[in-house]
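Bear in mind these aren't lab numbers, they're just calculated from the coordinates by the rules spelled out. Note that the coordinates shown come from a computational prediction; the quantities given were computed from them, not determined experimentally. Cβ: placed from backbone, ideal geometry, glycine included. Neighbour counts: every protein chain shown.
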């Protein structure tokens, strides 16, 4: 910036160093950016205790590059959502859904893990967010009436006798029922035990970002992969997803 005489205006710091006004403006801008980057934080869940809520907003800090998939996994994705798929599992995309199928399963069903963008928006019953269905015993499915056990899921002709929401998991530093995802967001985690009319039982798991309307869904858990489901679901990164 120049005055009417064409000379560059200068400013003085207490140290006696001389700075031009453009340099001062650049320094002020840098300080503003630093302050903005430190201002991000968790939002409240509305309970008045300041506890973190699921799907909290990101901070203003520029994230590091996404880490590559660890050994034994490969990157899979849909609509710029990424997740670590176990090696040996097949991945399919259909109707805006990513399905990861364990070895030996030819259909997206028993044992599979699904990534569901716009889950409530696309569901006719607005499951699982409408009326906070994910917090109810019958909240394991949009239509919770058909058995999904290993012996019944393909025929789909056995009805459900009872269902029960499992106790909420507690993780250090979080409210019960919340887990961290790889992108730093907090997801609601729920699991159900369902009993069929033939006395078969099966388990359903859900990781839900209610504000982003994204879910990871273990449709019917194969117990041999019990710990793997959690590891895969919590690797989900949604930072590049267009909400």
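Run the simple label-point estimate for residue 122 and residue 211 please: 7 Å along Cα→C-beta, distance reported in nm.
2.3
Compute the distance in nm between two label points, each set 7 Å from the Cα along the Cα-to-Cβ direction, one at residue 239 and one at residue 107.
Result for the modelled spin labels: 3.9 nm.
Give, in nm to one decimal, the length gained when the segment between residue 66 and residue 174 is fully stretched (0.36 nm per residue of separation minus the Cα-Cα distance).
36.5 nm
Could you compute the FRET efficiency for residue 130 and residue 227, with r as their C-beta to C-beta distance and R0 at 51 Å, rounded to 0.05?
E(calc), rounded to 0.05, equals 0.95.
Show me 73-80, 200-207 ranked by packing, highest mean number of other Cβ atoms within 10 Å first.
Per-residue mean Cβ counts within 10 Å order the peptides as 200-207, 73-80.
Å³ per residue of the Cα convex hull, for segment 73-233?
Spread over its residues, the Cα hull of segment 73-233 gives 117 Å³ apiece.
For a Förster distance of 25 Å, can you work out the FRET efficiency between the beta-carbons of residue 74 and residue 94, rounded to the nearest 0.05?
With R0 = 25 Å, the Cβ-Cβ based efficiency is 0.85.
Once you put a point 7 Å from the Cα of residue 157 and another 7 Å from the Cα of residue 201, both along the Cβ direction, what distance in nm separates them?
Modelled inter-label distance: 2.6 nm.
Taking the highest mean first, how do the peptides 82-90, 102-110 order by number of other beta carbon atoms within 10 angstrom per residue?
Per-residue Cβ counts within 10 Å, averaged per peptide and sorted highest first, yield 82-90, 102-110.
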